[in-house]
Structure formats: C-alpha cells, structure tokens
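Report on the structure given below.
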Amino acid sequence: MTPVSYLRAGSAADALRLGAVQGHRLLGGGTNLVDLMRKGVEQPGVLVDVTGLPALIEEAADGSIVIGAAARNSSVAAHPLVRTRYPMLSRAILGGASAQIRNMATVGGNLLQRTRCLYFADAAGSRCNKREPGSGCDARGGFTRYHAILGASPACIATHPSDMAVALAALDARVHLASAEGVRTLSLLDLHRLPGDRPDLETVLAPGEMIVAIELPPSDVAARSIYRKVRDRASYAFALVSVAAGLALDGDRIVDVRIALGGVAAKPWRALRAEATLRGGPATAEAFARAAEVELAEAAPLPGNAFKVPLATRTMAAVLAQLSGEQA
Ligand SMILES: Cc1cc2nc3c(=O)[nH]c(=O)nc-3n(C[C@H](O)[C@H](O)[C@H](O)COP(=O)(O)OP(=O)(O)OC[C@H]3O[C@@H](n4cnc5c(N)ncnc54)[C@H](O)[C@@H]3O)c2cc1C
C-alpha cells in the first residue's frame, strides 16, 4: 500500500497553495479519485480536501446562477433555481451514479472525473496512452461498447463519463478557475480536450489551477429542456449515449436550440452543426432527423460501438420532437 497524507484546505488560498505542490491532489468527494488510487491508476502523495470551500448556489445580479465547485451533486440537482430554470441539469445529475455517490460528489470533481475506459482503469494489465503516454491503447481491438465515435484519435478512444457536464455544455455554462497566477473564466466547451496524440492531457487546466465555481447564464431554451440518457441498466450505469437539449419555438419555427451529446467523445459534445441546421427552420420530425444525421456524419465508430451512430441520431431526433410537442 502506498502511504498518503490528508490535508484540509480552510480557504481557497489554502487550496491553491497546497494543491500546487507537486504530488498533491485536490480531493472533492473522493468517489472517483479514491477508486483510482485503490486501483493504482492515481498515486498522489498528499490529498488536499477542498470540500470545505464555498458550496453556494446563488443568483448573480445579471440573473446567472453561480454554483461553488464544492457544491454536492445532489444539492445542485435539488436546488429550486436549478430545477425550475435548468431542468435538464437537474435530470442529468439525477441520471448519474447513485444517491449515495451524488451526496458525496462535488461539482469540481464531477467535471474532472476520469474516463471509465476499462483499459485505463487496468493499471496492472493493459496498455493505455492516457495513463502512460506512448504505451499504446488496448481499447482498440478490445471491448469498445462504451467508447467514442466522435473526436477520437489513433492514440485514444475513451469517453468522458460525466452526465452533468453534458447538460452544462448545452447550457453554455462557464467555468471559473483560480491559480497562483490569478483567476480566469472559460466556456465549459473549452475545458476538456480531445485526445489527439496527447490523451493524457484531458483539460486545459494549468498545473495547480482549480475550479472554483461554474456559472449558468440566463437562457431562452433552458426552462423547457430535457436530458435523456440511454444505458444498459435503468440506473447506476454510464451513458451509452445521452442527449441534453433545449428548444425555443415561435409557432412552428425554431427560434433557438441547444444540443449536447454524452457517451460519444472524450468531452461533452456540443452539437453545433445540428443546431445551425435547425435554427430558423421548421420544427418538424424531418428537420430533427436531418439535423441529427448532419451532426453524426463525421462519426468514426469501431465495430463494437457502431450501434451508437443510429442510437445517437435517433435519440437526438426523438428528444427534439418531444420538446417541440411539449411546446406546441
Ligand atoms: C459506481 C459509480 C457509478 C457512477 N455513475 C456515474 C454516472 O452514471 N454518471 C456520472 O456523471 N458520474 C457517475 N459516477 C462518477 C461520479 O459522478 C464521480 O465519481 C463524481 O462526480 C466525482 O466527484 P468527486 O467530488 O467525488 O471527485 P473526486 O473523486 O474527489 O475528484 C475527481 C477529480 O477531480 C479533481 N478535483 C476535485 N475538485 C476539484 C476542484 N475544485 N478543482 C480542480 N480539480 C478538482 C480531483 O483532484 C480528481 O482528479 C459514478 C461513480 C461511481 C463510483
């Protein structure tokens, strides 16, 4: 067993100072990090607990909702502001893990959880470019049912497992970061990276940089929005494919639309091509099916996950049809 020390950050300044030390890792609820430590995938020498940092969920002057990185997943899902203004986010969180895990898991930890690729988690027996750059990828040619069909690379076909992140991608959420160098804010769409030839670099976070909050901007499409997750079991299973979508209509015309997919790529996949196809056009079943086909046109599946292409196409079209029916 590898010894590990535990420190508790009393303030954001504390967390930044302690978290920036090489070999130290921030600890949220620990539901992912501690699992991976048990498997020998992660080996931090010191854990810096950040669950005592602000977990507020509050409305800003411009109507945005700001959620502290230490807020527990279950608190976010249950919050009245989230449930009424951003129902897809509430549904996405409740579609993930179990009640016990959601009670522990934090917003920051959820966004930065690692892939569930079996070969990544098998430190003792499998080659993985994400875990050990340049070692190879045993997922290719292996069991690929849960792997990526969009944005993958020869080096890595892993998917990002977070449900919450998919809803946040559709909602144009912003991520507030802090480091010893200062603070910055970026779009959630820019937080995670596609693998390219460096799948070990999963986000744009600099060493020692931490998530302090996320921000949900006011949205015309969010109040009537859906998160649909297709999975092998009705609960306690990661997405094969998921769709987060919101639609604003004027009669039968689409005024605005937001769509993101989960379970298909190394990051939450914002369906910008589908959105562009739909915006300003008619809200018909044909238009929804066509937009979904446009989005999936560049999918590059493997034999073991080719089923995800029609599954994602049909799920996206069905979710949009449901939304348009609800608003008719
Ligand atoms: C059995 C099981 C089933 C699950 N099913 C699902 C599912 O269906 N859908 C889903 O979305 N998730 C699922 N999960 C994953 C779960 O949601 C994550 O484990 C959880 O959200 C991680 O949050 P945490 O606070 O526990 O993170 P931790 O494990 O504490 O941390 C995860 C990572 O985030 C880093 N980190 C934490 N906080 C910060 C911060 N503020 N700034 C920078 N870095 C930080 C840590 O250093 C670590 O690298 C499942 C987990 C389990 C065990």
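The values are calculated or read from the model by the stated rules, or taken from the named source; none is laboratory data. What you see is a predicted model; the values in this text were computed from it and never measured. So basically every Cβ, Gly included, is an ideal-geometry build from the backbone, and we count neighbours across all protein chains shown. These area figures cover heavy atoms from the full protein model, side chains too; ligands, DNA and RNA do not enter into them. Shrake-Rupley method; radii C 1.70, N 1.55, O 1.52, S 1.80 Å.
Sort through Ala167, Ala180, Ala148 and tell me the only one that's in contact with a helix residue (DSSP H, G or I) (Cβ under 7 Å, 6 or more places away or on another chain) and open to solvent by less than 10 Å² (accessible area, probe 1.4 Å). Reasoning before the result, please.
Working: Ala180 fails: open to solvent by less than 10 Å² (accessible area, probe 1.4 Å); Ala148 fails: in contact with a helix residue (DSSP H, G or I) (Cβ under 7 Å, 6 or more places away or on another chain).
So the residue among Ala167, Ala180, Ala148 that is in contact with a helix residue (DSSP H, G or I) (Cβ under 7 Å, 6 or more places away or on another chain) and open to solvent by less than 10 Å² (accessible area, probe 1.4 Å) is Ala167.
Determine the pairs where a residue that is aromatic (Phe, Trp, Tyr), located within the range 95-123, has a partner that is in a helix (DSSP H, G or I) and near the ligand (Cβ under 7 Å from one of its atoms) with Cβ atoms under 8 Å apart, the partner being 6 or more residues away or on another chain.
none
Let me spell it out: the conditions are (1) of a type in the set (Phe, Trp, Tyr); (2) over 18 Å from Pro268 (Cα atoms); (3) open to solvent by less than 10 Å² (accessible area, probe 1.4 Å), and Tyr86 meets all of them except one. Which number is the exception?
All conditions pass for Tyr86, except number (2).
Val21 passes all but one of (1) within 11 Å of the ligand (Cβ to nearest atom); (2) part of a loop (DSSP other than H, G, I, E, B); (3) open to solvent by 30 Å² or more (accessible area, probe 1.4 Å); which number fails?
That leaves (1) as the condition not met.
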